[in-house]
Every structure is written in structure tokens, then in C-alpha cells.
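K.L.:
Please see the structure below; I have some questions.
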Amino acid sequence: MQGEESCQILAGTEGDSFPLMEINTGETEASEQWDYVLVADHRTQRNTRQAQQQQQFLEELKRKGFHYKMIEDHKKVFFGIRVDSRIFGLYCRLLTEPEGPATRVQPARPPSVPATTRIRIVNFVLNSKTAAGDTLEDLVKSGVFETRFALHKGEEDLKKKWARWRNMFHPQPIDDIRDYFGEKVALYFAWLGWYTYMLVPAAVVGLIIFLSGFSLFNASQISKEICEAHDILLCPRGDHSRRYQQLSDTCTFAKLTHLFDNEGTVLFAIFMALWATVFLEIWKRQRARVVLHWDLYRWDEDQEEMALELINCPDYELRPQQHSYLRSTVILILSLFMICLMIGMAHLLVVYRVLAAALFNSTLLFQEEQVTTAVVVTGALVHYVAILIMTKVNKYVALKLCDFEKPRTFSERESKFTIKFFTLQFFAHFSSLVYIAFILGRINGHPGRSVRLAGLWKLEECHLSGCMMDLFLQMAIIMGLKQTLSNCMEYLGPWLAHKCRLMRFRLSRTSGDPELRRLQCNYLLNPVNTFSLFDEFMEMMIQYGFTTIFVAAFPLAPLLALFSNLVEIRLDAIKMVRLQRRLVPRKAKDIGTWLQVLETIGVLAVIANGMVIAFTSEFIPRVVYKYHYGPCRQGAQPAVDCLTGYINHSLSVFYTKDFQDPIQIEGSENVTECRYRDYRNARDYNLSEQFWVLLAIRLVFLILFEHVALCIKLIAAWFMPDVPQSVENKVLEEKYQTLREKMCSGPKSTEV
């Protein structure tokens with residue numbers, strides 16, 4: 001039997017089969033005709049109340065024009081549900097929308113009903129309230145039914161052409177995906193495929209920027225000065241470091257930092273701002289072509305939902321749009337509270353890093369120069385675990401807020417939930433990165449007068465080579481873990497769960513009847529829910545955020561995203577076709593609220609990257625020194641590098657006599673001064689004139705960068721219309737032909 005590869009272990013010999021009981025309440029149909037399946041435990045047939053509730057629910061479906069058949073094995077009861085063709089005829093009359101491009105030409109006989117439409121109608125009716133006021137979800141919770149699912153049938157082509165690892169570099173059969181899973185799933189894979197394709201130029205440019213640092217690995221004047229600064233001592237950096245350190249000890253990290261903190265960073269950040277705009281604009285054009293091809297260009301989601309409501313209940317009354325300022329105020333307050341909680345999680349991460357530094361030093365697990373790196377790495381791991389926990393909390397809170405808001409339709413509820421959940425997830429994922437990029441090491445005071453947590457522990461400092469190294473490590477660890485572990489768990493979890501279910505069912509020998517075996521095979525697949533596709537979208541949105549926001553500090557982000565997406569497409573395909581029950585098809589003509597999310601991320605990326613270059617990177621201090629303080633301030637000198645003396649200029653002086661406890665510092669007997677990263681006066685340790693000059697220039701650069709980048713985005717968006725001219729002309733031609741047909745078919749005008 002085709003499509004049963006994963007279920008062959010269920011087949012027993014004919015003598016091993018269990019008795020099969022069929023109750024036919026409509027036409028006798030093959031299993032391929034069932035649009036939907038309800039499953040109940042065999043024990044419910046012995047419970048009078050539950051059996052009565054089952055019968056009432058099924059009889060109500062029958063009155064609405066549905067056929068069902070009950071098939072029993074020794075443990076489960078399967079109810080096959082099929083839509084009457086008259087219901088589909090009513091659906092077509094209500095919407096007067098063709099199902100595909102070919103239906104404009106009237107066929108000699110009525111076209112076959114698309115399976116996606118049949119499943120969608122059944123699912124909508126099943127999820128509606130019954131005459132008793134219950135929904136199918138209520139009956140599942142009370143144990144009347146165990147579960148429900150749409151049957152996998154006709155998926156063999158998708159298994160061969162799409163859901164295989166060997167097809168990783170093959171084009172996706174988007175039309176076939178649409179015919180099997182519906183437009184919403186097809187649009188997700190069309191968008192994901194286009195996103196992956198567009199990552200190629202971004203990954204190439206990012207890799208070039210990163211590798212360009214290797215060409216200057218030993219030629220950088222700043223790296224040379226650091227590596228040769230044997231006579232410059234750095235002040236003790238915290239409670240875990242109680243000795244002076246030579247600046248030359250940071251030589252390796254200085255060279256590594258130059259790989260991603262160089263002059264190409266600014267150009268790459270502007271390029272990514274332009275890339276994000278071009279990606280979205282071309283996607284809008286791609287979407288328009290696809291939707292026109294599917295003949296859904298003028299399809300209306302509200303009209304679809306109202307048609308389904310009328311099919312379910314002819315007496316349905318329209319529910320008007322409502323807005324409550326009181327509810328909106330409560331939701332805003334609760335959302336702000338949750339956002340503050342996310343920010344509080346970032347502060348807890350700060351506390352962890354401070355306490356971890358003290359712990360690693362006291363237990364002697366690491367050498368003094370390794371403590372900072374260990375704190376950064378473990379802090380990133382803790383942040384990743386916190387993200388996993390808060391994801392579940394955020395989903396629960398977002399759902400409760402949506403229920404409180406009482407949206408009118410399912411699509412409206414989905415849109416509101418998307419906005420709330422993404423907002424909370426954004427703060428959960430990026431709060432710690434914001435802290436590292438813009439706060440870490442900037443509120444610590446100076447040697448001899450350090451800011452301490454609870455008056456005990458000194459706040460964490462940036463890495464010896466600068467805060468860009470901290471941000472780079474945090475991004476690399478979180479993004480690497482999220483891509484590798486998430487993909488592994490996303491595949492291995494459903495695969496192992498499916499194998500366990502198969503092994504358990506194999507122990508209780510099953511029927512050899514092909515129809516029952518097919519139902520059992522579908523039942524043993526992993527369950528799906530409303531969030532199955534939503535979770536895939538959310539995962540990609542967060543990845544898109546990591547790929548664009550803070551990309552100035554991590555130019556390899558597009559490359560990692562590219563490799564991850566190549567795996568993600570086939571992983572999702574295998575999971576949906578081979579490991580999970582069939583997703584309920586849904587109509588759509590775009591990716592909905594996710595497009596606004598992508599546009600918002602694009603704007604935030606411009607702001608964040610501008611701030612990273614201005615305040616975290618050494619780009620601005622280097623440029624200011626080069627043209628205002630350095631040897632080239634009067635003009636270029638061929639024999640002298642313009643950054644000569646930059647390291648000495650960027651390090652402030654601290655006199656060791658001003659330490660509160662200088663005796664406890666190793667090697668302090670012959671040391672009269674040490675250096676630290678900051679711009680402060682040597683007399684009173686107040687912020688120097690250079691600091692305020694740099695701050696002013698940083699702010700000017702930030703404003704100019706954001707305006708230039710945003711202008712480039714706006715110009716690119718204006719230059720590329722959302723809808724291709726060919727699509728607009730096609731729609732105009734259709735409207736014109738419709739009017740011509742009406743003119744020709746109407747009564748001829750007579751002269752008066």
C-alpha cells in the first residue's frame with residue numbers, strides 16, 4: 001500500500017487481525033474519502049453518558065449534511081467524517097470564488113472538490129459550538145473523544161520530491177504544497193525559500209567583511225601597539241583579578257576583535273539595511289505573482305469566515321466589530337508589566353555574571369585571564385535556558401490577553417496574538433544583548449572607586465579587547481545554540497516520539513484490514529495544533545532578528561542563518577509529511593501580520609546597528625583620533641600611520657596611591673600608575689574633554705547613519721512597487737473582460 005512506509009510494522013497476518021465492526025450511517029466510502037477522523041477510547045462505549053454525548057454530536061453533524069462511519073479495533077474507535085457535495089456547492093455559491101486558475105473555463109462535468117477545502121469546512125464545523133453549547137475541544141477535554149485529525153492521503157509525491165534530505169538543494173514544489181496543505185503553509189515555505197535564497201548575498205558579503213580582517217591580522221597599527229606594549233600595565237579589573245596585567249597580554253584578542261570591528265563594519269551595516277528592504281519588497285512582488293496564479297488576488301478572509309459560519313448555521317448573525325478602551329488599557333498595562341519582567345530577566349543575568357565571576361575566582365576553576373571569557377560563555381548558556389522557559393510563559397500570557405480582548409474572528413485573534421507574543425519574545429531574546437552592547441562596562445566607575453552590587457561585588461567589566469568581543473561571543477553562542485540545538489530537538493523530538501508510539505502499538509498486534517491500518521497509521525503520527533505553523537513562523541522571525549539586529553557585531557549571522565534554513569526547510573517538510581498528522585489547510589493570500597513584524601525588525605535593525613557602531617565599536621574613537629588628535633590631523637604623512645599613538649590616547653591613567661587597599665594587589669610595590677579603558681582626567685578622574693567630544697560625535701554619527709539608512713530603505717521601497725506591473729495588468733484585463741461580458745450578455749439598449 002502506497003504511503004505506508006513508516007507503518008509497515010503494524011501489518012499483521014490475516015489470522016492475527018482483531019474483529020472489525022463497522023457502522024455505516026451514510027454512503028459506503030473507501031478510507032480515501034474521509035475528510036476528517038475522530039478518535040475515541042474503546043472504554044467510552046461502555047460509559048453511557050459519554051456514548052450518548054458522542055451520538056448526539058455525530059447526529060448533529062449528520063443533520064448538517066455530513067456522513068460518518070464508525071470503525072472499531074480492540075482499543076480505539078475511529079469515526080470517519082465526510083462532507084456532502086451539496087455543502088461544497090453552497091460554499092462556492094456564497095463566495096463565488098474559483099478554486100484555481102483552470103476553473104474559469106467551465107468543464108463538461110462538475111470539478112472534483114479540493115481536499116483542502118473539504119478538510120477546512122469540516123474542521124470549522126467541528127470546532128463550532130453544538131446545540132448543547134459544547135465544542136469539540138470541550139468534548140476532548142471531558143474524554144468523550146480522544147483526538148481528531150485530517151487524514152494523510154496522496155502525499156507520496158511530496159515525500160519523493162520534497163520531504164527528503166537529498167532534495168535539500170532542489171526547488172520546492174509550492175503548488176503541490178498548496179494543493180496538499182493549503183495556501184497558508186505553501187506561503188510559509190515560499191517565503192522561507194525566498195528568504196533563504198536572499199541570504200546568499202548577505203552571507204557572502206558578511207563573510208568577506210569577516211575575512212578581510214585576516215588580511216590585516218598582523219598589519220593593524222592598533223594590534224601592533226597592543227602587542228608591543230610590554231611597559232603598559234592595566235589596572236586590576238575586578239575582584240577576581242588582584243594583579244596588574246601587561247597590555248601586551250591581550251594581543252591575541254585584539255587581533256581577533258579586528259576581524260569584525262573594522263572599517264567594513266559600517267558599510268556592512270548599511271548594506272544589511274538595504275538588503276532587508278530589498279528582500280521584503282521583492283517578496284511582496286513574489287507573493288503577488290503566486291496569489292494571482294492561485295486566483296486568490298481578490299479573496300477576502302472575512303467573507304470566507306462568514307461563509308463558513310453560514311454553512312455551519314444558516315441562522316448565524318453577524319458579530320460586529322467592537323473596541324473597549326478599558327480592555328485596551330488593561331492589556332497595555334499587563335503587556336508593559338511583562339516587558340518589565342523581560343528586562344528584569346536581563347538584570348538577573350547581570351547578577352549572575354557578577355556572582356559567577358566571584359565564584360569562578362574563589363574556586364580557582366579558571367585562571368584570572370580566563371574568568372571574563374568563562375563568565376561570558378556561561379552567561380550566554382544561562383540566557384539560552386531562560387529563553388526556553390520564558391517562551392512557554394510568554395505564550396500562555398499572550399493567549400490569556402487575547403482571550404480577554406475578545407477578538408471577533410479567528411484570524412483577528414491570530415493577528416493580535418502574533419503581535420503580543422512576538423513583542424514579549426523580542427524582549428526575552430534581545431534584552432541581554434542590549435545590556436551587553438550599550439550598558440556593560442559603562443556604569444562601573446573607575447579604579448579605586450568602583451560601583452558594586454549590593455555594596456559587595458564589583459560590576460562586570462567588558463572584555464580586555466573591548467565590549468564588541470562580549471557582544472560577538474554572546475551572539476555567536478546564542479545563535480549557534482538556537483540553530484543547532486533547536487533544529488536537532490525539532491527533528492529528533494517528533495522522530496523519537498513517533499517511533500515510541502509505533503513500538504508501543506506494535507506490541508498490541510493490530511488488524512490487517514487496510515482501511516483500519518491506514519487510520520491507525522495516521523493516529524500514531526505526532527499530533528498537531530493551532531500553533532504548529534505559528535511556531536515555525538515565530539522561530540524564523542527571531543532568527544531574522546538575529547540576522548539583522550546587531551549584525552554589525554556579528555557579520556557571520558547571515559551565513560549561519562543560511563546553513564540553518566537549508567536544513568530547516570527539509571526538516572519542516574519531513575516533519576509535516578512523515579512524522580506529524582496532517583495540518584488543517586487554511587486559505588491565505590499573504591503571510592499576514594508577520595510582514596509587519598519583518599518591517600518592524602528592519603527599522604529596529606537600522607537603529608541597533610547604528611548604536612553598535614557609534615557606542616560599542618571603536619570605529620568612532622579611531623576616526624576622531626585619526627583626524628583630530630593623531631599625527632595626521634595636519635594632513636596625511638606617508639611615513640607615519642595615522643593611528644600611531646591611538647592606544648596610549650584611549651587609555652586613562654590611574655595612580656596606584658589612590659587605591660583604597662593597594663597592598664593587597666600583587667606587584668604593587670614598584671608600580672606608581674596603571675591604565676584603564678576610559679576617557680578621564682588623571683587629576684580627579686572625572687570625565688575628560690575627549691569623552692564629551694566623542695559623545696557628541698557619536699550622537700551626530702548615530703543620527704546621520706539612521707537617517708541615511710532609513711532614506712535608503714524608503715527609496716528602495718519606492719523604487720520597487722509591491723505589485724509587479726504584469727500582475728496589475730492581468731487584474732485590469734480580468735476586470736475589463738468581466739465588464740465586456742456583462743455588456744454583451746445584458747439587454748440591448750433601445751433608442752427612445
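K.L.:
Toward the positive end of the charge dipole of segment 443-587, about the Cα centre and with charges on Cβ (Lys, Arg +1; Asp, Glu -1), which of Ala552, Met489, Phe537 goes farthest?
P.N.:
Met489
K.L.:
Quick one: check the C-alpha center-to-center distance for segment 465-504 versus segment 179-256, whole angstrom.
P.N.:
If you average the Cα positions of each part, the centres end up 21 Å apart.
K.L.:
First measure r as the distance between the Cβ atoms of Cys313 and Val731, then evaluate 1/(1 + (r/R0)^6) with R0 = 25 Å and state the FRET efficiency to the nearest 0.05.
P.N.:
That pair, Cys313 with Val731, gives E of 0.15.
K.L.:
Using the C-alpha gyration tensor of the chain, what are the square roots of 5 times its eigenvalues, in whole angstrom, with the largest one first?
P.N.:
After scaling each eigenvalue by five and taking roots: 60, 32, 23 Å.
K.L.:
Report the Cα centroid-to-centroid distance between segment 552-594 and segment 303-353 in angstrom, as an integer.
P.N.:
Here the answer is 25 Å between Cα centres.
K.L.:
Separation between the Lys75 and Trp165 pseudo-spin-labels, each 7 Å from Cα along Cα→Cβ, expressed in nm?
P.N.:
2.9 nm
K.L.:
Pull out the extension gain between Glu414 and Asn526, defined as 0.36 nm times the separation in residues minus the alpha carbon to alpha carbon distance; nm, one decimal.
P.N.:
Contour length minus Cα-Cα distance gives 38.0 nm.
K.L.:
Ok, one more. Taking N as the number of residues in segment 137-181, what is its alpha-carbon radius of gyration divided by 2.2 N^0.38 Å?
P.N.:
1.74
K.L.:
Evaluate E = 1/(1 + (r/R0)^6) for Asn686 and Lys657, where r is the Cβ-Cβ distance and R0 equals 22 Å; express this FRET efficiency to the nearest 0.05.
P.N.:
Using R0 = 22 Å, I get an efficiency of 0.75.
K.L.:
For the chain, what is the calculated [θ] at 222 nm in deg cm²/dmol (nearest 500), taking -39500 (n - 2.57) for each run of four or more DSSP H residues and dividing by its residue count?
P.N.:
-19000 deg cm²/dmol
K.L.:
Sort the following peptides by mean Cβ neighbour count (other Cβ atoms within 10 Å, averaged over residues), highest first: 683-694, 346-357, 175-186, 296-307.
P.N.:
Descending packing order for the listed peptides: 175-186, 346-357, 296-307, 683-694.
K.L.:
May I pose another question? With +1 assigned to the C-beta of every Lys and Arg and -1 to the C-beta of every Asp and Glu, and no other charges, what is the dipole magnitude of the chain about the Cα centre in debye, to the nearest 20?
P.N.:
Using Cβ point charges on Lys, Arg, Asp and Glu, the chain gives about 860 debye.
K.L.:
Below 8 Å, C-alpha to C-alpha, sequence gap of six or more: please give me the relative contact order for the chain in percent.
P.N.:
21 percent
K.L.:
Near Lys76, within a Cβ-to-Cβ distance under 9 Å, what is the net charge of the other residues, with Lys and Arg +1 and Asp and Glu -1?
P.N.:
Once all neighbours under 9 Å are counted, the net charge is -3.
K.L.:
Right, next: Against the longest alpha carbon principal axis of the chain, how many degrees, from 0 to 90 and to the nearest 10, is the axis of helix 183-215 turned?
P.N.:
Roughly 20 degrees, rounded to the nearest 10.
K.L.:
Counting Lys and Arg as +1 and Asp and Glu as -1, what is the net charge of the other residues whose Cβ lies under 10 Å from the Cβ of Ser486?
P.N.:
Within the 10 Å Cβ shell, the charges total -2.
K.L.:
Hey, another quick one. Roll a 1.4 angstrom probe over the protein heavy atoms and tell me the percent of accessible area of the chain that is carbon or sulfur.
P.N.:
Carbon and sulfur atoms account for 61 percent of the accessible area of the chain.
K.L.:
To the nearest 0.05, what FRET efficiency results for Lys392 and Val204 with a Förster distance of 35 Å applied to their C-beta separation?
P.N.:
0.40
K.L.:
No solvent, one uniform scatterer per C-alpha: report log10 I(q)/I(0) for segment 604-747 via the Debye equation at q = 0.12, 0.15, 0.21 1/Å, two decimals.
P.N.:
Listed by q, the Debye log ratios stand at -0.76, -0.95, -1.22.
K.L.:
For segment 674-752 and segment 370-448, what is the separation of their C-alpha centers, rounded to whole Å?
P.N.:
27 Å
K.L.:
Can you tell me how much longer the chain between Leu94 and Asp722 gets when fully stretched, taken as 0.36 nm per residue apart minus their C-alpha distance, in nm with one decimal?
P.N.:
The span from Leu94 to Asp722 would gain 223.1 nm if fully extended.
K.L.:
How big is segment 400-507 on each of its three principal axes, counting only the C-alpha atoms and giving the largest first in Å?
P.N.:
For segment 400-507, the Cα extents along the three principal axes come out at 70, 43, 26 Å.
K.L.:
Let me ask something additional. What is the set of long-range amide H partners of Phe145 at a cut-off below 5 Å, with H atoms built 1.01 Å from backbone N?
P.N.:
Hits under the 5 Å cutoff: Val140.
K.L.:
Further, regarding this structure: Tell me, in nm to one decimal, what length is gained between Leu566 and Asp157 on full extension, where the rule is 0.36 nm per residue of separation less the Cα-Cα distance?
P.N.:
145.2 nm
K.L.:
Separation between the Val385 and Cys744 pseudo-spin-labels, each 7 Å from Cα along Cα→Cβ, expressed in nm?
P.N.:
A separation of 7.3 nm, rounded to one decimal place.
K.L.:
Label-point separation (nm) for Asn47 and Trp495, each offset 7 Å from Cα along Cα-to-Cβ?
P.N.:
3.7 nm
K.L.:
Would you mind estimating how fast segment 309-452 diffuses translationally, via Stokes-Einstein at 20 °C and 1.002 mPa s with the Kirkwood radius over Cα pairs, in µm²/s?
P.N.:
Translational diffusion coefficient: 116 µm²/s.
K.L.:
Run down the lysines and flag those whose C-alpha is under 25 Å from the C-alpha of Lys161, throwing out any fewer than 8 positions away in its chain.
P.N.:
In chain and number order, the partners are Lys153, Lys184, Lys499, Lys575, Lys587, Lys589.
K.L.:
For helix 301-312, report the angle its Cα long axis makes with the longest principal axis of the Cα atoms of the chain; keep it between 0 and 90° and round to the nearest 10°.
P.N.:
Compared with the principal axis, the helix lies near 40 degrees.
The values are calculated or read from the model by the stated rules, or taken from the named source; none is laboratory data. Note that the structure is predicted; figures quoted are calculated from it, not measured. We place every Cβ from the backbone using ideal geometry, glycine too, and count neighbours over all the protein chains shown. In case anyone asks, the SASA skips ligands and DNA or RNA and just uses the protein heavy atoms, side chains included. Shrake-Rupley method; radii C 1.70, N 1.55, O 1.52, S 1.80 Å.
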